[in-house]
Amino acid sequence: MEKKLYLIRHGQTDWNLAHRIQGKQDIPLNEAGKRQARFLAKGMENRPVGSVFSSRLSRARETAGFLAESQKAPLFIVDGLEEISYGKWEGMTLLEIQQYFPERFAQWWKDPVNGAPPDGESQMDVLRRTAAAMEAIQKHMAAGGAQAAAVVSHGASIHCMLAWLLKEEAPSDCPIHNASITVVCWETKTGTCRLETLGDIRHLPKGAR
């Protein structure tokens with residue numbers, strides 16, 4: 001039996017707009033992000049889900065709330081779905097990081113999988129915790145018989161989820177935009193997953209992207 005996982009990135013925040021690294025800082029949606037979340041919920045109307053799972057960070061919770069209300073589905077907050085921690089770099093732009101942490105940035109840029117920002121996480125750290133979160137979500141779906149679920153999270157975290165679900169490096173040729181939908185089909189008998197759609201934003205009008 002095939003089930004579907006909708007991996008959804010939260011809507012826009014002011015820090016997204018200013019190109020500031022958010023990481024685990026709890027930055028809420030701005031008005032544009034709330035509009036994106038409403039368009040997302042509308043775009044998911046023909047994709048029913050049994051449950052909505054979300055990161056604890058408010059930008060994800062707010063986005064998930066619009067979807068859960070539209071779908072009349074329960075909303076669960078799941079530890080491990082939050083964004084990668086960028087430690088001391090949070091709140092800075094990439095240019096500022098390169099200016100104030102040139103050597104550390106160069107090391108991290110060369111190997112972000114195993115390297116980490118000061119006081120932050122590596123991609124491998126995030127892969128481990130998002131994998132544990134996804135395992136718990138899949139068990140919940142299997143126990144409840146739901147055919148589909150939505151998981152509202154963050155850009156780097158979604159890439160790590162994809163790497164774990166697909167058992168290969170996550171696709172990097174398509175960015176995970178705000179309020180985008182990535183669809184993974186999960187074959188429950190074999191445990192294998194396949195990517196159906198990556199970073200879909202067709203539900204967002206051009207002025208809301």
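The values are calculated or read from the model by the stated rules, or taken from the named source; none is laboratory data. Just so it is clear, the model here is predicted, and its values are computed rather than measured. Cβ: placed from backbone, ideal geometry, glycine included. Neighbour counts: every protein chain shown. Protein only, heavy atoms only, side chains kept; ligands, DNA and RNA dropped before computing areas. Shrake-Rupley method; radii C 1.70, N 1.55, O 1.52, S 1.80 Å.
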Could you grab me the full set of residues in segment 101-136 that are touching a Leu at 6+ places or on another chain (Cβ under 9 Å) and either within 27 Å of Leu5 (Cβ to Cβ) or polar (S, T, N, Q) (or both)?
Val113, Arg129, Thr130, Ala131, Ala133, Met134
Could you tell me how many of the residues in segment 88-126 are in contact with a Phe, Trp or Tyr (Cβ under 6 Å, 6 or more places away or on another chain) and either touching a residue at least 60 places away in the same chain (Cβ under 8 Å) or within 19 Å of Lys24 (Cα to Cα) (or both)?
4
Given the conditions (1) modelled with pLDDT of 95 or more; (2) under 18 Å from Leu195 (Cβ atoms); (3) open to solvent by 30 Å² or more (accessible area, probe 1.4 Å), every one holds for Ala136 apart from (2)
How about segment 60-88: which of its residues are in a helix (DSSP H, G or I), out of contact with any Gly (no Cβ under 7 Å at 6 or more places or on another chain), open to solvent by less than 40 Å² (accessible area, probe 1.4 Å) and closer than 27 Å to Glu121 by Cβ?
Ala60, Ala64, Gly65, Leu67
Of Met141, Met92, which residue is farther than 24 Å from Ala18 by Cα and of a type outside the set (Lys, Arg)?
Met141
Whichever residue in segment 147-182 is in a loop (DSSP other than H, G, I, E, B), modelled with pLDDT of 95 or more and of a type in the set (Gly, Ala, Ser) and, among such residues, is farthest from Glu2 (Cα to Cα):
Ala179
Starting from segment 171-200, keep only residues that are open to solvent by 40 Å² or more (accessible area, probe 1.4 Å), then list their pairs with residues that are basic (Lys, Arg) and part of a strand (DSSP E or B) whose Cβ atoms are within a distance under 8 Å, requiring at least 6 positions of separation or different chains.
His177/Arg9; Glu187/Arg194; Thr188/Lys3; Glu196/Lys4
Restricting to segment 116-132, what's the tally of residues that are over 10 Å from Ser85 (Cα atoms), in contact with a helix residue (DSSP H, G or I) (Cβ under 7 Å, 6 or more places away or on another chain) and either modelled with pLDDT under 95 or of a type in the set (A, V, I, L, M, F, W, C) (or both)?
2
